[in-house]
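Trainee: Quick one: the structure is below, questions incoming.
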Amino acid sequence: MLRMRRQTIWDAALDTAWDSAAVWVHGDVAHCNLLVREGRLAAVIDFGCMAVGDPACDLSIAWTLFRGEVHNAFRNGVAADDAIWARAQGCRGALGNRSAFVSGLFVIYEER
């Protein structure tokens, strides 16, 4: 069942494409790379996976850090449309948020 769900998420991600210019992405936005002070984001650290590509990979944290209404508020706050949200979920769902493989995901998009 989980494998089928991951395949469905992956297929939905591949049905979309980043059609805009490539942008700088952090590549490893995870709770351990976010510094918070007084309840607010103060800094993002560890740019070892930084690359140029689709910003969807940086939104996959929505599934690892946020739940419920906070998850929805994050999506609204970053103004993610359905396509980028599907690709972000693909990063998280199909790959288990393994950042080392994220850059490979977006090579697939470029080859389509």
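The values are calculated or read from the model by the stated rules, or taken from the named source; none is laboratory data. On a predicted model such as this, the values are computed, not experimentally measured, just so you know. Here the Cβ is made from the backbone with ideal geometry for all residues, glycine too, and neighbour counts use every protein chain on show.
Trainee: What number of residues within region 43-76 satisfy the criterion of being touching a Gly at 6+ places or on another chain (Cβ under 8 Å) and under 9 Å from ALA88 (Cβ atoms)?
Mentor: 4
Trainee: Restricted to region 50-76, and to residues that are buried (at least 19 other Cβ atoms within 10 Å of the Cβ) and among the acidic types (Asp, Glu), which residue is nearest to SER20 (Cα to Cα)?
Mentor: Out of the qualifying residues, it is ASP54.
Trainee: Being at pLDDT 90 or above, over 16 Å from VAL25 (Cα atoms), assigned to a helix (DSSP H, G or I) and over 10 Å from the mean Cα position of the chain (by Cα) is the filter here, so list the residues in region 69-112 that pass it.
Mentor: GLU69, VAL70, HIS71, ASN72, ALA73, PHE74, ARG75, ASN76, GLY77, ASP82, ALA83 - these are the residues of region 69-112 that are at pLDDT 90 or above, over 16 Å from VAL25 (Cα atoms), assigned to a helix (DSSP H, G or I) and over 10 Å from the mean Cα position of the chain (by Cα).
Trainee: Residue by residue through region 1-20, note down the ones that are among the aliphatic types (A, V, I, L, M) and either part of a helix (DSSP H, G or I) or surrounded by 12 or more Cβ atoms within 10 Å (Cβ to Cβ) (or both).
Mentor: Residues satisfying the conditions are LEU2, MET4, ILE9, ALA12, ALA13, LEU14, ALA17.
Trainee: Which of the residues belonging to region 32-58 are at positive phi and at pLDDT 90 or above?
Mentor: GLU38, ASP46
Trainee: From the set of residues in region 21-49 that are of a type in the set (Val, Ile, Thr) and exposed (fewer than 13 other Cβ atoms within 10 Å of the Cβ), which is farthest from ILE61 (Cα to Cα)?
Mentor: Filtering first and then ranking leaves VAL23.
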